[in-house]
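Data first, discussion second: the structure below is written as structure tokens.
The values are calculated or read from the model by the stated rules, or taken from the named source; none is laboratory data. All values derive from a computational prediction rather than experimental measurement. FYI the Cβ positions are ideal-geometry reconstructions off the backbone, even for glycines, and counts take in every protein chain you see. All accessible areas refer to the heavy atoms of the entire protein, side chains included, with ligands and DNA or RNA removed. Shrake-Rupley method; radii C 1.70, N 1.55, O 1.52, S 1.80 Å.
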Amino acid sequence: MGKINVTRCEIEGLCVIEPKVFFDERGYFVETYNENDFKAEGFDVRFVQDNQSMSVRGVLRGLHFQKEHPQGKLVRCLKGRVYDVAVDLRASSPTFGKWFGVELTAENKKQFFVPEGFAHGFLVLSDEAEFAYKCTDFYHPGDEGGLYWNDPQIGIEWPIEEGMELIISEKDQKWGGLTETFRFE
């Protein structure tokens with residue numbers, strides 16, 4: 001039906017998705033997910049869980065993944081601005097250890113599809129941000145994995161603005177780097 005525009009990223013599997021937005025004098029309407037549109041674009045996914053978070057400026061969440069129950073994610077920013085990042089952890093991938101980032105905002109309505117096999121995280125650039133995730137598997141607390149957000153081997157170019165103080169959970173400060181982390185087969 002052509003309600004989404006899909007831009008495939010240089011790392012296989014990652015996609016930026018722009019849904020068609022219908023504006024009129026009342027505001028706007030957007031279909032954020034339609035299984036038929038996604039199938040027409042070659043996505044074979046089944047979402048089983050939706051999550052939403054609110055964070056303040058400078059919060060950096062990630063980089064997270066699940067080991068035995070990997071989650072594909074379709075993420076978007078409902079309010080504010082975030083810089084969203086995925087890192088390829090697929091052992092056999094020619095882009096293993098490479099990252100891709102995209103700015104997601106309430107205004108641009110872009111979505112980011114991160115398939116299984118990636119670590120994922122984001123940095124809040126606005127005073128507040130509300131963030132939504134559609135996930136292909138359920139959250140399993142004992143299955144968490146993570147990757148240090150600032151691993152020099154990966155070299156993510158986070159857009160940390162002057163005067164921004166990062167707020168990173170204790171757990172996220174303790175993850176290892178790429179050489180110590182889990183790899184998806």
For this session: Determine whether GLU128 is under 16 Å from CYS77 (Cβ atoms), surrounded by fewer than 18 Cβ atoms within 10 Å (Cβ to Cβ) and either in contact (Cβ under 8 Å) with a residue 60 or more places away in the chain or not small (Gly, Ala, Ser) (or both).
Result: yes
Problem set entry | Options GLU161, GLU165, GLU144: the member that is open to solvent by 50 Å² or more (accessible area, probe 1.4 Å) and closer than 14 Å to PHE118 by Cα | GLU144
For this session: Just name the residue that is modelled with the lowest pLDDT out of those in region 1-53 that are over 19 Å from the mean Cα position of the chain (by Cα) and among the aliphatic types (A, V, I, L, M).
Result: MET1
For this session: Answer with yes or no whether THR181 is modelled with pLDDT of 95 or more and surrounded by 15 or more Cβ atoms within 10 Å (Cβ to Cβ).
Result: no
For this session: Residues being touching an Asp or Glu at 6+ places or on another chain (Cβ under 6 Å) and either over 21 Å from PHE43 (Cβ atoms) or not in a strand (DSSP E or B) (or both): count how many of those fall in region 126-153.
Result: 1
Problem set entry | In region 17-43, the residues that are free of Cβ contacts under 8 Å to residues at least 60 places away in the same chain and either open to solvent by 100 Å² or more (accessible area, probe 1.4 Å) or among the hydrophobic types (A, V, I, L, M, F, W, C) (or both) | LYS20, PHE22, PHE23, GLU25, ARG26, TYR28, PHE29, ASN36, PHE38, LYS39, ALA40
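So which residues in region 65-102 are open to solvent by 40 Å² or more (accessible area, probe 1.4 Å), closer than 19 Å to MET54 by Cα and over 10 Å from the mean Cα position of the chain (by Cα), if there are any at all? Give the steps one after another, and end with the answer.
Here is the first cut: in region 65-102, the residues open to solvent by 40 Å² or more (accessible area, probe 1.4 Å) are 67-69, 76, 78-79, 81, 90-92, 94, 96, 98-99.
This time we only want the ones that are closer than 19 Å to MET54 by Cα, so: 76, 78-79, 81.
Answer for region 65-102, where residues must be open to solvent by 40 Å² or more (accessible area, probe 1.4 Å), closer than 19 Å to MET54 by Cα and over 10 Å from the mean Cα position of the chain (by Cα): LEU78, LYS79, ARG81.
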Exercise. Would you say GLY146 is in contact with a strand residue (DSSP E or B) (Cβ under 9 Å, 6 or more places away or on another chain) and either without any contact (Cβ under 8 Å) to a residue 12 or more places away in the chain or on the phi > 0 side of the Ramachandran plot (or both)?
Worked result: no
Exercise. Restricting attention to region 105-125, and to residues there that are touching an Asp or Glu at 6+ places or on another chain (Cβ under 9 Å), over 17 Å from GLN66 (Cβ atoms) and of a type in the set (D, E, K, R), which single residue is least open to solvent (accessible area, probe 1.4 Å)?
Worked result: LYS109
Problem set entry | Residue, nearest to THR181 (Cα to Cα), within region 104-125, restricted to residues that are among the small types (Gly, Ala, Ser) and part of a loop (DSSP other than H, G, I, E, B) | GLY117
Exercise. Failed condition for GLY163, given (1) in a loop (DSSP other than H, G, I, E, B); (2) closer than 18 Å to VAL56 by Cα; (3) in contact (Cβ under 8 Å) with a residue 60 or more places away in the chain, with all others met?
Worked result: (3)
For this session: Output the qualifying pairs, or none if there are none: Cβ atoms under 7 angstrom, residues six or more apart or on different chains, first residue in region 167-185 and under 17 Å from HIS120 (Cβ atoms) and in contact (Cβ under 8 Å) with a residue 24 or more places away in the chain, second residue open to solvent by 100 Å² or more (accessible area, probe 1.4 Å) and not small (Gly, Ala, Ser).
Result: GLY177/GLN153; LEU178/GLN153
